[in-house]
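What follows is a set of notes on a single structure, which appears directly below.
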Amino acid sequence: MSDVHYFRTMPASGPRSYPGRIAINGDLGLTYNTTSTIDHLMSNHPNLVLLIGDASYANLYLTNGTGADCYSCAFSDTPIHETYQPRWDYWGRFMQPLVSKIPLMMIEGNHEIEEQIEKKTFAAYSARFAFPSEESGSSSTFYYSFNAGGIHFVMLGGYTDYNKPGDQYQWLKKDLAKVDRKVTPWLVATWHPPWYSTYTAHYREAECMRVAMEDLLYKYGVDIVFNGHVHAYERSNRVYNYNLDPCGPVHITIGDGGNREKMAITHADEPGNCPKPSTTLDKFMGGFCAFNFTSGPASGKFCWDRQPDYSAYRESSFGHGILEVKNETHALWTWYRNQDAYGTTGDVVYIVRQPDRCPVEPDVIN
């Protein structure tokens, strides 16, 4: 039997009730950089941890524990595609000092696909984490929602159907319509692949998801979006449909946890770094939606020729972020670099809600 562990649950929902500190990170892995990230994160004493996909990278290890970037390349003749599940156990033991004390909420990333025998996917992800799917009206571990004090979190799946006729979109529509901003003023959404990343890596890869869902999130006044996938840090200005918009959400890419691959360094707006549109589609989800821009400074082009206006800050460093919601209208976001001394900040900004300027009209649910 394990030791007995204790943790503090989230405060009751209400407009003046918030967790003290929420740690947010993605693409952790189990590397030297991961160790530094978790050490720094724990030093900030969070009350809740959000992990935005790609936890153990077990899919990059063969069944004998050897690392391999491509299973089919290493074992081209075998029909068995089991990934190395003990890697998940190693990761869990490493994370125990944190997750045995602090609640952790997880959403799937591409490395959780983990295709195995009989084309089974997401088996470890769905079995190793707890999800309030039923409680939030979801029929899937890929998307769900929950409240943490006066914040309503919507955890979305970038690797399951997100189109309007699909179950996820219809669930999201109902979930957002039920949010009472008088009880939970803050609305935060997370999923793994970012919509507004200016790095060459995964550039506009999730464009089909953006096309399908952005209008709905904008309609209901989502305040902040957190993503991973790109192994770097980037914070946007408030943005909607690639234009600066005071009522759009702030998008934050925080896929700089440690991973097992490499840091994203180059930007698509730098000379010679703009990828060909045909190379940007998501191979797992399929579909192609990333066309040239039709308006603005990048009109007629696939990439900007300078840092886009919506991109406020970007840096290729490992680290983590802390969200501190102060009241109904102000939240402090702080990003910490691993290479800095404990407590030293890399990016700090107050995110301010303006409900009078950007009112959200409640829907009547049929």
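Here is how the numbers come out for the structure above:
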read-out	value
Estimated distance in nm for a label pair at Asn163 and Lys120, the labels positioned 7 Å out from Cα along Cα-to-Cβ	2.8 nm
Contact order relative to length of the chain, as percent, for alpha carbon pairs under 8 angstrom and 6 or more apart	19 percent
Paired Rg and Dmax values of segment 173-262, which use every Cα atom, in angstrom	13.6, 43
Among beta bridges that DSSP assigns inside segment 105-201, antiparallel share in %, nearest 5	50 percent
Beta bridge orientation in the chain: antiparallel %, DSSP, nearest 5	65 percent
Calculated FRET value between Asp215 and Met1, using beta carbons and R₀ = 51 Å, to 0.05	0.50
Radius 14 Å from Cβ of Ala268, net charge of other residues (Lys, Arg +1; Asp, Glu -1)	-1
Shape of the chain, Cα gyration tensor, a/c cut at 1.5	rounded
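Bear in mind these aren't lab numbers, they're just calculated from the coordinates by the rules spelled out. Worth saying up front: this structure is predicted, and the values here are computed from it rather than measured. Counting neighbours? That spans all protein chains shown, and the Cβs are built from the backbone with ideal geometry, glycine included.
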